[in-house]
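What follows is calculated from the coordinates using simple rules that are stated; it is not laboratory data. This one's a predicted model, so the numbers in the text were calculated from it and none came from an experiment. For neighbour counting, all protein chains shown are included, and Cβ atoms are generated from backbone atoms with ideal geometry for every residue, glycine included.
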Amino acid sequence: MKTIFSGIKPSGDLTLGNYIGAISNFVQLQNENKCLFCVVDLHAITVPQEKLELRKRTKDIAALYLACGIDPNKATIFIQSEVSAHNQLAWILECNTYVGELNRMTQYKDKVLKEGTSALTSGIYTYPVLMAADILLYDSSLVPVGEDQLQHVEIARDIAVRFNNKYGETFVIPEHYVPKIGARIMDLQNPTIKMSKSSSAKGCILLLDDPKIIRKKIMSAITDSESSIKYDIKNKPGISNLLSIFSIISNISIKDLESQFVNSNYGEFKKALADELVDFITSIQKRFVEIRNSQQLDDILDQGAITANNIGSRKIKKVYKKVGLLRK
Ligand code: TYM
């Protein structure tokens, strides 16, 4: 049994990309592993947040974890800021991470290119170290993420190896778990960029979108000038992206979907996908409404915080001792 940790930032509404790249794998992995799934609110405040919105979104994500099928009897679900060991470990790791390593992080470099540095917080710069702390605190050996987070898991490994060499065996070296299909769901209007909260509104499906809007977004997705429904990322990125989405939510392989739609045109294919996706997301939304304002959600998060605090405080004590902190 492996220990698995992953998290999602409450910095915007959850997207279909978050579901396919991350949550759908959390649901699979919870059956045979010891899993901790976190809402990483400390990561969200690396950029400005409106406080009531942040509090709302944090609970929305926890409720969506449950609505998407994460079972609190199998996995620990909790909020990052309720476990202070994340911050405590992040500081120790920051003191063991080089500025040069952080300078190489592509997400940070892209942000600097787009926005310059004057409005960037130091939190956004040290963000990968807090993420390393999240992972290493629980001795996680597997980290399910979408492709955009690979470099962050890689630096967590580097930090862990360096720490172990310097202070003696302390952390498990984590590996990433990236799905074969859906590691990078693309924007429906521009299939060369990742679907994200900050990509085009029409190109990004939100898990809490109105079903009519979901249908509209799928029907107006950009495809190509051919008419064959074939998976070919290089030449047919739009259709390939729609096939990946279809495959994950229907559990039908891409090969089988290609055969099923061999005689269909793009309109028919999109309509079938829209029907499937609307059904799928509507059932998540129904469960979300039941859970979101229930006492059960708070109880699950309280219990999750207790479990995570127990593990985290034991680990931080060990780490402090290794470094030479604590009198006894
Ligand atoms: P975040 O909140 O941006 O995204 C959460 C997860 O969703 C995946 N994802 C996607 N996968 C496929 N296609 C897409 N279009 C797409 N968009 C998002 C992301 O890869 C991610 O797995 N730094 C992390 C959160 C974090 C974390 C951690 C993750 C903090 N600590 C520890 C794992 C372990 C982030 O910002 O993810």
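The helix-only estimate of mean residue ellipticity at 222 nm for the chain, built from DSSP H runs of length n ≥ 4 each weighted as -39500 (n - 2.57), is -16500 deg cm²/dmol after division by the residue total. The 3J(HN,Hα) values that the Karplus relation (6.51, -1.76, 1.60; θ = phi - 60°) gives for the range 60-71 are, in residue order, 4, 5, 4, 5, 5, 3, 5, 4, 7, x, 6, 9 Hz. Gly and Pro appear as x. Going Cα to Cα from LYS2, which lysines come in below 25 Å? Please leave out same-chain ones fewer than 8 positions away. Straight-line reach from LYS2, under 25 Å: LYS34, LYS74, LYS180, LYS315, LYS317, LYS318, LYS322. Each Lys and Arg contributes +1 and each Asp and Glu -1, all at the Cβ; summed about the Cα centre of the range 1-149, the dipole is approximately 100 debye.
From zero up to wherever the largest Cα-Cα distance of the range 217-256 sits, split into 5 Å bins and tell me the percent of pairs in each. Histogram of Cα-Cα distances, whole percents per bin: 5, 25, 33, 24, 12, 1. When the convex hull of its Cα atoms is viewed from all sides, the chain shows a mean projected area of 17.8 nm².
Rounded to the nearest Hz, the phi-derived 3J(HN,Hα) couplings of the range 295-312 under the Karplus curve 6.51 cos²θ - 1.76 cosθ + 1.60 (θ = phi - 60°) are 5, 4, 4, 4, 4, 5, 5, 4, 5, x, 5, 5, 4, 5, 5, 4, 5, x, where x marks glycine and proline. The mean of 1/r over all pairs of different alpha-carbon atoms in the range 211-289, once inverted, gives a Kirkwood hydrodynamic radius of 12.9 Å.
Using a simple spin-label model with pseudo-atoms 7 Å out from Cα toward Cβ, TYR98 and ASN263 lie 6.3 nm apart. With R₀ set to 30 Å, the beta-carbon distance separating ILE173 from ASN73 gives a calculated FRET efficiency near 0.55. What is the diffusion coefficient of the range 1-147 in µm²/s, taking the Kirkwood radius over Cα pairs and the Stokes-Einstein relation at 10 °C with a viscosity of 1.306 mPa s? Once the numbers are plugged in, D ends up at 99 µm²/s.
Assuming charge only on the beta carbon of Lys and Arg (+1) and of Asp and Glu (-1), the dipole of the range 211-289 about its Cα centre is about 380 debye to the nearest 20. When the trypsin sites (Lys or Arg not before Pro) in the range 152-201 are filtered for DSSP coil states and for at most 12 other beta-carbon atoms within 10 Å of their beta-carbon, the remaining sites are LYS180. Between the alpha-carbon centres of the range 260-293 and the range 237-256 there is a gap of 12 Å. When the pairs LYS51/LYS197; LYS111/LYS202; LYS9/LYS51; LYS212/LYS234; LYS9/LYS212; LYS114/LYS197 are compared against a 20 Å limit on Cα-Cα distance, LYS111/LYS202; LYS212/LYS234; LYS9/LYS212 fall above it.
For the range 153-301, the pair-distance distribution built from all alpha carbon pairs, in bins 10 Å wide starting at 0, is 10, 31, 26, 18, 12, 3, 0 percent.
Near the amide H of CYS35, within less than 5 Å, lie the amide hydrogens of ILE4, THR76, all on another chain or at least 5 residues away, with H placed in the peptide plane.
Packing around the peptides 67-75, 7-15, taken as the average count of other Cβ atoms within 10 Å per residue, puts them in this order, highest first: 7-15, 67-75. Inter-part distance, the range 57-93 to the range 167-219, computed on C-alpha centroids, equals 19 Å. Full extension of the chain between ASP256 and LYS109 yields a length gain of 48.9 nm, computed as 0.36 nm times the residue separation minus the alpha carbon distance.
Annotation: the antiparallel percentage among DSSP beta bridges lying fully within the chain is about 15. For LEU142, the residues 5 or more places off, or on other chains, whose built amide H falls under 5 Å of its own are THR3, PHE5, GLU175. Proximity of backbone amide H atoms, modeled 1.01 Å from N, is registered between CYS204 and LEU188 at under 5 Å, excluding neighbours fewer than 5 places apart on the same chain. When its C-alpha radius of gyration is set against 2.2 N^0.38 Å (N residues), the range 176-245 gives a value of 1.10. The long axis of helix 122-137 is offset from the longest Cα principal axis of the chain by roughly 80 degrees. In a DSSP loop and with at most 16 other Cβ atoms within 10 Å, the GluC sites (Glu not before Pro) in the range 115-205 are GLU169.
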